[in-house]
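Student: This is the structure I want to talk about, given as structure tokens.
The values are calculated or read from the model by the stated rules, or taken from the named source; none is laboratory data. Treat the numbers as computed from the prediction; the structure is a model and nothing was measured. So basically every Cβ, Gly included, is an ideal-geometry build from the backbone, and we count neighbours across all protein chains shown.
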């Protein structure tokens, strides 16, 4: 019986081999042979693992500021300075700093200020305020950290403007827990619009470390004075409006290290002159006007090109550059990535022409 079973197995295996050889001959004789190689993806930054989290808290914590608690299970770890990409109901992607407890692996906490259209808002913050309510599920990517805390610095000065306090708050907690030398200069339009004042008061129970400056009653913060009072070697961390960060950069004394966190694109480089972009795969050439972007010009020819935040932070629109010098204006790509790729929503050409692998 065993011998008969063995012979049957050998016959089946032999028949399968004959079939495979016949199929191979048929394929090789086909006009489609050799089969085309699969192309490597040439656009789009590899995305962080997406998570679907539950909104368990949506509360207003200051005028125009809401805080979200997003719950999950065994969430990826993060350190002070990290942020999340939040995918909104419309599909827009926006970045929000994590401002909760890094040791809590069951939830993330973020806060968002409502930015009206007349202040440059494009609808993302309004969605957070009005549509991302308790009980909703949201997709997030990350966390990622391009604003890490230097725990080896002998002293820290933190400068925050408005909602810029969000990445700074976990830093303050960590430095305070370590017994470090730190100070905070926190400015805003009014005390009512400035979140986390009670948390800061608890961190500065003895007084003298936290200076709160509300513009409607106190005027502008004394940046030069705060910076001049720091000792050499101090790490200065700043997050807030572009004007605040530029002022801190300008007033920074020698011997201090400056760390900035931006959530709006920086207008850098040689200006916004026109240039042309060749789409190498199609052979088409598009003109990028001085008041337009590469993304807008490319989408006129390739409507399905991927994009999302349009501010140089999410990486969705990353494209490979074959020729030309890039004027990088994003806050995301690493130095190695900048060698042959760009985020076409904000970055431009330094010369008159770029060639994209599109």
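Student: Could you please give the count of residues in segment 194-216 that are at negative phi and modelled with pLDDT under 95? Give the steps one after another, and end with the answer.
Tutor: To start, the set of residues in segment 194-216 that are at negative phi comprises 194-195, 197-206, 209-216.
Next, from what is left, pick out any that are modelled with pLDDT under 95: 205-206.
Residues in segment 194-216 being at negative phi and modelled with pLDDT under 95: 2 in total.
Residue-wise test of (1) touching a strand residue (DSSP E or B) at 6+ places or on another chain (Cβ under 8 Å); (2) outside any strand (DSSP E or B); (3) under 15 Å from residue 342 (Cβ atoms).
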site	(1), (2), (3)
273	no, yes, no
278	yes, no, yes
282	no, yes, no
290	no, yes, no
303	no, yes, no
306	yes, yes, yes
313	yes, yes, yes
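Student: Would you call residue 211 more than 19 Å from residue 110 (Cα to Cα), touching a residue at least 60 places away in the same chain (Cβ under 8 Å) and in contact with a strand residue (DSSP E or B) (Cβ under 6 Å, 6 or more places away or on another chain)?
Tutor: When the stated conditions are applied, residue 211 does not pass them.
Student: How many of the residues making up segment 37-78 are under 30 Å from residue 318 (Cβ atoms), in a loop (DSSP other than H, G, I, E, B) and modelled with pLDDT of 95 or more?
Tutor: Going through segment 37-78 one residue at a time, the tally reaches 5.
Yes/no per residue for (1) exposed (fewer than 14 other Cβ atoms within 10 Å of the Cβ); (2) at pLDDT below 95; (3) not assigned by TED's automatic domain parsing to the domain that holds residue 170:
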| site | (1), (2), (3) |
| --- | --- |
| 227 | no, no, no |
| 231 | yes, no, no |
| 246 | yes, yes, no |
| 257 | yes, no, no |
| 267 | yes, yes, yes |
| 270 | yes, yes, yes |
| 290 | yes, yes, yes |
| 297 | no, yes, yes |
| 317 | no, yes, yes |
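Student: Against the definition (modelled with pLDDT of 90 or more and under 20 Å from residue 149 (Cα atoms)), how does residue 284 come out, yes or no?
Tutor: On the way: modelled with pLDDT of 90 or more: yes; under 20 Å from residue 149 (Cα atoms): no.
No.
Student: May I pose another question? For the condition surrounded by fewer than 20 Cβ atoms within 10 Å (Cβ to Cβ), within 26 Å of the chain's Cα centre (by Cα) and modelled with pLDDT of 95 or more, what is the one hit in 164, 187, 219, 135?
Tutor: Matching residue, one of 164, 187, 219, 135: 135.
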